[in-house]
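These notes are about the structure you will find just below.
Read the figures in this text as sums done on the coordinates, not as results from a lab. Worth saying up front: this structure is predicted, and the values here are computed from it rather than measured. No Cβ is skipped: glycine too gets one built from the backbone with ideal geometry, and neighbour counts run over all protein chains shown.
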Amino acid sequence: MIVPRRVALRFLFPATLAAFTGGALARVAATPREGRPAAPTASGGTGDAFDAFDEMYRGRRIQGRAAPSGAPEVLVDGRPLHLMRCADGGYLTPIDHYQSCPTPLEATRAAVDELGSAPLTRYAAAHGVHPGGSQRGPHT
């Protein structure tokens, strides 16, 4: 039995495409990332572990530890400070939103620098949530 060329191409093209895509993805997955390797977190998974900290910085007590999820949890004078992970692996806070810091400690220090003597409000713990629980954009 002779298989028509159209039928053969219908099956060969997706198989070839899948083989090349799989090979390319395998090379990407096997390439090590620059910087420190992923380490086990407190929850047992892998991720970027960080050192817990508890120190006085510019008259404020800053603390950081891994939450049960493995994500960093940061407090400034006992109030939670929300940290956001950047695509470059750094961290941002709602207080200092324009500078990516390499570690949660440096992001917390940058937030304290921006705060000056102002107190940290409870809304800094939940980025984007304003009084009354509504989420508002920049123009509302």
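Along the Cα-to-C-beta direction of Ser69, a point sits 7 Å from the Cα; which residues of segment 83-99 have their amide N less than 12 Å from that point?
Taking a point 7 Å out along Cα→Cβ of Ser69, the residues of segment 83-99 whose backbone N falls under 12 Å are 83-85.
Applying 1/(1 + (r/R0)^6) with R0 = 25 Å to the Cβ-Cβ distance of Ala52 and His97, what FRET efficiency is obtained, to the nearest 0.05?
That gives a FRET efficiency of 0.55.
If each of Glu106 and Leu17 carries a label point 7 Å out from its Cα toward its Cβ, how far apart are those two points in nm?
For the pair Glu106/Leu17, the computed spacing is 4.3 nm.
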